[in-house]
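The values are calculated or read from the model by the stated rules, or taken from the named source; none is laboratory data. This one's a predicted model, so the numbers in the text were calculated from it and none came from an experiment. Don't worry about glycine lacking a Cβ; one is built from the backbone with ideal geometry, like all the others, and counts go over all protein chains shown. Just so you know, the surface numbers come from the protein's heavy atoms only, side chains and all, with ligands and any DNA or RNA stripped out. Shrake-Rupley method; radii C 1.70, N 1.55, O 1.52, S 1.80 Å.
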Amino acid sequence: AKDAGGARWELYDAERDTREKARRALSAAIPTGLERGEFYLDYQPLTSLQDGSLLGVEALVRWRHPQLGVLRPDRFIGLAEETGLIVPLGGWVLAEACREAVGWSAATAQPPYVSVNLAVRQVRRPDLVQEVRALLRRTGLPPDRLQLEITESTMMSGAEEPIRTLRALADLGVRIAIDDFGTGYSNLAYLRDLPVTELKVAGEFVRGLRAPEAADERILASLVSLAHALNLTVTAEGVETGGQAERLRAIGCDAAQGWHFGRPAPAVNILARVKGGAPC
Ligand code: C2E
Ligand code: CA
Ligand code: CA
């Protein structure tokens with residue numbers, strides 16, 4: 001029995017080794033993927049719960065890998081964060097999102113803002129503010145048409161640096177959202193001190209929205225009133241059903257994102273729907 005256990009461990013080690021090699025290979029392919037234009041952005045609608053209009057879209061990166069096919073971010077964002085490659089990759093996402101978003105002004109009278117995810121490493125870089133300022137100037141995108149999504153852990157990393165960076169970004173006039181709100185540390189003091197404009201409440205609270213007065217509904221209702229008291233808007237993530245959307249609207253939640261309102265898709269598809277006047 002002991003021997004068999006030993007063999008299992010060897011197998012396990014070998015497997016882990018193979019997986020580790022595959023991860024390293026994937027990571028090493030990121031810079032060439034960037035050079036060869038293998039990355040692209042899908043966008044997902046952020047829809048007003050009051051009137052159904054398209055307020056914004058979130059940019060979600062995808063990798064058309066020559067051997068592995070289209071990869072979702074869960075496959076490579078973590079890797080890119082570990083290796084630091086998130087800095088060039090995230091920089092590309094930011095630039096591409098602004099470049100595409102500028103074109104939407106001509107497509108619709110009320111062009112949506114574009115919301116871009118920022119990794120901790122990006123926010124820690126002292127030249128991020130300069131990068132964003134240059135990007136806005138180069139593309140001509142109005143600052144309030146750009147939203148940056150940061151996570152609670154970025155805020156809670158303890159350092160003064162990210163806070164100063166966020167203030168400078170807010171001074172440029174860009175919107176700042178806290179992503180996956182409610183899943184991380186629950187220190188709310190930073191909401192008072194930070195130039196945040198929006199809370200994106202994690203989908204796990206939305207999933208619990210079945211019966212009225214369920215615990216998750218009470219949590220969401222108090223989050224919404226807290227946010228509104230601080231002059232923040234609230235977007236609920238992961239909204240998959242009309243029933244959830246209705247509960248959220250009743251609670252006073254401002255906006256929603258999720259399959260019920262539209263899956264991530266190329267920008268042209270989302271804008272075509274706005275132009276066509278179809279409800280999102
Ligand atoms: P996230 O920022 O929370 O983005 C929302 C994710 O939820 C997206 O997955 C989206 O497709 C998915 N989603 C949307 N609606 C629904 C729904 O109704 N139900 C369910 N179950 N899921 C829904 P995606 O595109 O695979 O992205 C996963 C994560 O990868 C993102 O989570 C974000 O943390 C990260 N990510 C994506 N793009 C970037 C990027 O450019 N930079 C960085 N740093 N992270 C990124
Ligand atoms: Ca996000
Ligand atoms: Ca999120």
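Restricting the stretch 224-241 to residues that are closer than 19 Å to L209 by Cα and part of a loop (DSSP other than H, G, I, E, B), the residue that is farthest from ligand 3 (Cβ to nearest atom) is T241. For the stretch 172-184, the condition of being out of contact with any Phe, Trp or Tyr (no Cβ under 8 Å at 6 or more places or on another chain) and part of a helix (DSSP H, G or I) holds for at least one residue. Residues in the stretch 177-207 that are open to solvent by 20 Å² or more (accessible area, probe 1.4 Å) and small (G, A, S) were compared, and the one that is farthest from ligand 1 (Cβ to nearest atom) is A189. Contact map, the stretch 220-232: first residue free of Cβ contacts under 8 Å to residues at least 40 places away in the same chain, second residue assigned to a helix (DSSP H, G or I) and β-branched (V, I, T), Cβ cut-off under 6 Å, separation 6 or more or different chains; pairs are L220/I251; A221/I251; V224/I251.
This table checks each residue for (1) touching a Ser or Thr at 6+ places or on another chain (Cβ under 7 Å); (2) modelled with pLDDT under 95; (3) open to solvent by 10 Å² or more (accessible area, probe 1.4 Å); (4) not charged (D, E, K, R).
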| position | (1), (2), (3), (4) |
| --- | --- |
| L230 | no, yes, yes, yes |
| E237 | no, no, yes, no |
| E240 | no, no, yes, no |
| G243 | no, yes, yes, yes |
| D254 | yes, no, yes, no |
| W259 | no, no, yes, yes |
| R263 | no, no, yes, no |
| P266 | no, no, yes, yes |
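The numbered conditions (1) without any contact (Cβ under 8 Å) to a residue 40 or more places away in the chain; (2) under 21 Å from S115 (Cα atoms) are all true for G252 except (2). In the stretch 41-78, which residues are small (G, A, S), assigned to a strand (DSSP E or B) and open to solvent by 20 Å² or more (accessible area, probe 1.4 Å)? Across the stretch 41-78, the qualifying residue is only G69.
Scanning the stretch 131-166 for residues that are surrounded by fewer than 19 Cβ atoms within 10 Å (Cβ to Cβ) and not in a helix (DSSP H, G or I) yields G140, P142, S157, G158, A159, E160. The listed residues are E81, E20, E38, E10, and the only one of them that is open to solvent by 20 Å² or more (accessible area, probe 1.4 Å) and closer than 24 Å to V123 by Cβ turns out to be E81.
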